[in-house]
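What follows draws every value from the coordinates through simple rules; no lab data is involved. Not measured: the values here are computed from a predicted model. As a convention, Cβ positions derive from the backbone with ideal geometry for all residues, glycine included, and neighbour counts pool all protein chains shown.
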């Protein structure tokens, strides 16, 4: 063929590639904002006028508005049909006389006529538009999604789950494998039997030990915070407080027949690992192998050197060896700190008389456990919460992130307009954009208001860090939930509010009186179950599905994404029903996806 | 000779050309369209414990030191969290020197190793460490011989299809067909075949 043909072909292909590349780049941004152009002829005449105003005055900064249909404004919560005063879009316009915090456009205000057109459009909007996300109906499922040529045999499925669970391939003498080969046992049942063999009341063998280690390690990787706020305090603390503490709740649920999934967020007991203790603790786990710091020679201390109250302390250490069981932790005399300090500076530290029970739990199971509180308290030693600047926000952020797989912000601007406190001295309480995060984490953090981080002593590297829980005093009354500063805040009853948009886009607003009730509120939602399903799905298949407010962009997901969302919701709802992690694993292992050699599904229709 | 501009003008007159161009440009756009992907599909590889366990079974106990140095200690390349309290460790006196005993579950780089991902998709780090391990294990006579014996072969065994299958099954126990690539290699040494299989990706996906 002549070269004259290829020149324009290559030119067009290059243009095509660049267009595709730009399209993909835009799509990555589209997770936050939708930037598709729309067909204006399908919109109402009123909105066509509004669109022109936005195009002239707003879109050069807010380019995503170019892709907003009438419904988009309502679905994203920026416009409340019938109510311009409460609509985020109108509220922020300069001269709208709604008292908005941010006047827009920044340089030139809209004319009175333009404002009137906008207000009239909002007043005339149908309230039916707002119902769209609530219905949350996913498009139809894929008709055919597997590749039969890549489907595993029964034997291969067992090989797969054995390899994943124990991190070793089954050997030729594996009895379950023999049964699967003979057709006496299905691969799914054989996989479940592996889990059953690893339950805590079963006899321990090397495969069962490996399986417990695998899943406990997996659960532990979900709780990524472990560094204490004061780095110096780190290394002795991990020998007294289990670094895998939060994960113990999930592992117990998987391997104990008497610990349902909902018990993870119930009760007021800390858990302790029972391990095989082949050898005595001999060195700090924090130290690397080159270190020669030995527990027996180093020692732990309580008290303060300056007033000569410092003395040796002999705490209970975290057990070592293979994980054999997980039990409720009952504090004994070794778990009581006779003295403790509000900081480690010898001159400034204030000393407190104990006993301080270092195993106390605030309720709500995992979320009120010492380890989850301490690893996520995020405040300086000695700080007490005042409901304003001082709140354990990292803790509440981690409740959303670690347990619900959700990252901030979790509210739409329209949700937080009523929370704006114009007279507050705290800047983030005045801005809607700040409150999209703070209106979720602040009222949640109120549940953990009783906690203060303390140190056992002022010894340079012989102190441990703990959580002191102040006793609440009902006589003080509830007081306001969010204040600028309340010196008695940490002593008031720990009431608060769970407030976020769940993954169906529904606004959850649920009050609680204490941590135990917060645990129950979280268990009532689907998010916790779907988050757990997401994590197991990733571990077993490598498919990582993002969990977010799906409602606003349902129509823009590709067919495979929709299939995964559907599967995830199915798994989560099933878990909520049966409350059993083994069954969740069973649901995944029995799926078409797990049985595909390449762990992929295909959109063939 | 016509200039480029004239050639383009000439071609643009061709109606078929426009049809082809429209298809070329529009079909990928139509596929990508307004679709948004909400998932990430990582290849579900085995972690460092799985890889070390499989290789130790193939190359024998003599491989353990190589595997510890090149696989087990490479936590960030292969994934697989350490178990901080699963470590059996005590400082023992041996003469005047203190010896530290550990298990393979120890946290090589500190406690952050206990929070790593359960597996890590194939990347340049992982591939590099695996290639080096395979080279070392195949080069070492004891480990090479162990693998050859395990496959039921000898160093001088013929490169027949049935013998190649025996070697293949060390890494791919469920494989029934001999891959074409393995058939087509002309007179390879068993070392080369073993090394190539060891370095391949798919056996690492459980």
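For the stretch A:376-419, the residues whose amide N sits under 20 Å from a probe point set 7 Å from the Cα of residue A:511 along the beta carbon direction are A:387-388, A:415-419. Look at the Cα gyration tensor of the stretch A:432-499: its axes a ≥ b ≥ c give a/c of at least 1.5 with a/b at or below b/c, and that counts as oblate.
Oblate is the label for the stretch A:325-450, because the ratio a/c of its alpha-carbon gyration tensor axes (a ≥ b ≥ c) is 1.5 or higher and a/b is not greater than b/c.
Classification of the stretch A:503-574 by its C-alpha gyration tensor yields an oblate form. The axis ratio a/c (a ≥ b ≥ c) is 1.5 or more, and b/c is at least a/b.
Site pair residue A:408 and residue B:141 shows an inter-label distance of 6.5 nm when each label is modelled 7 Å from Cα along Cα→Cβ. When A:524, A:517 are sorted by how many other C-beta atoms sit within 10 angstrom of their C-beta, beginning with the fewest, the order is A:524, A:517. With Cα atoms as the point set, the radius of gyration and Dmax of the stretch A:407-542 evaluate to 18.0, 53 Å.
Residues A:395, A:222 in ascending order of nearby Cβ atoms (within 10 Å, fewest first): A:222, A:395.
Between residue A:556 and residue A:307, the modelled labels are 6.1 nm apart [label points 7 Å from Cα along Cα→Cβ]. Consider all pairwise Cα distances in the stretch A:449-605 and report the whole-number % of them above 23 Å. Looking at the stretch A:449-605, the distances longer than 23 Å represent 57 percent of pairs.
Taking every residue in A:592-598, how many Cβ atoms of other protein chains lie within 10 Å of its Cβ, on average?
Working: counts 0, 0, 1, 0, 0, 3, 5.
Average per residue, whole number: 1.
Between residue A:597 and residue A:56, the contour length at 0.36 nm per residue exceeds the alpha carbon distance by 189.4 nm.
What the Cβ-Cβ distance of residue A:427 and residue A:152 gives, at R0 = 56 Å and to the nearest 0.05, is a FRET efficiency of 0.45. At full extension, residue A:347 and residue A:475 could sit 42.5 nm farther apart than now, given 0.36 nm per residue minus the alpha carbon distance. In this simple spin-label model, placing a label point 7 Å from the Cα along the Cα-to-Cβ direction at both residue A:330 and residue B:159 gives a separation of 7.1 nm.
With a Förster radius of 60 Å applied to the C-beta separation of residue B:64 and residue A:524, the computed FRET efficiency comes to 0.75.
Taking R0 as 22 Å, what FRET efficiency do you get between residue A:488 and residue A:418 from their Cβ-Cβ distance, rounded to the nearest 0.05?
Working: r = 26 Å, r/R0 = 1.17.
Calculated value: 0.30.
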